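Everything below concerns the one structure shown next.
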Amino acid sequence: GLEPSTPSSRNIYLQWLVKHNLYIDVRGTFQTQRQVKLRLNEIYITLRARPEESPNSADRRLLEEEMAQLERLSGLSAESREDRQDELFARLAKSSRNQPISNTPVDLDEVVQEKPRLVILGDPGSGKTTLLSHLALTHAEALLNGTALVQTKPQAESAVSHVQPLFPIFLRIAAYAEFEDWKK
């Protein structure tokens, strides 16, 4: 079995994470003869994105569960079943209207702090890996130093918030796929 982690093993992992994310990965970019090393946290500019305009997934999941329960009820006439389905759809539409979705771009560094689960999608080269490397680096450094993360809102430079760092577990699917063991 696996041994439980210790403060020492966590620090070793965090130090490794900092070391592997300290400099920006320039593979795949045009380079001159001289190899240039750029510190990620010195040149990083946060990604901004617009929230998706759709009912939230929790509402959608509840609707799907209720629809499934409705299908299992055998004693309902087709008309009653249709009326209940209409009620469910109306309830979902109402909850979506009550939670207006802003079309204003948001800072993805901040969204990560607010959302416990998040999927970041984007075209190749759009900055997904760099964002994750930056988050892993800043959170690992803050945990090693015992400090909070300082975030400044771009709209108001005076608006500063202090947030507790999260323990970063940074897994690259491409690196995982290189090992053949998972296929067995």
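Each reported figure results from applying straightforward, stated rules to the coordinates on display, with no laboratory input. This one's a predicted model, so the numbers in the text were calculated from it and none came from an experiment. Heads up, the Cβs are rebuilt from the backbone with ideal geometry, glycines too, and the neighbour counts pull from every protein chain shown.
Brief remarks follow.
- Mean Cβ count within 10 Å, highest first, over the residues of peptides 4-17, 136-149: 136-149, 4-17
- Over all projection directions, the Cα-based convex hull of region 106-149 averages an area of 3.4 nm².
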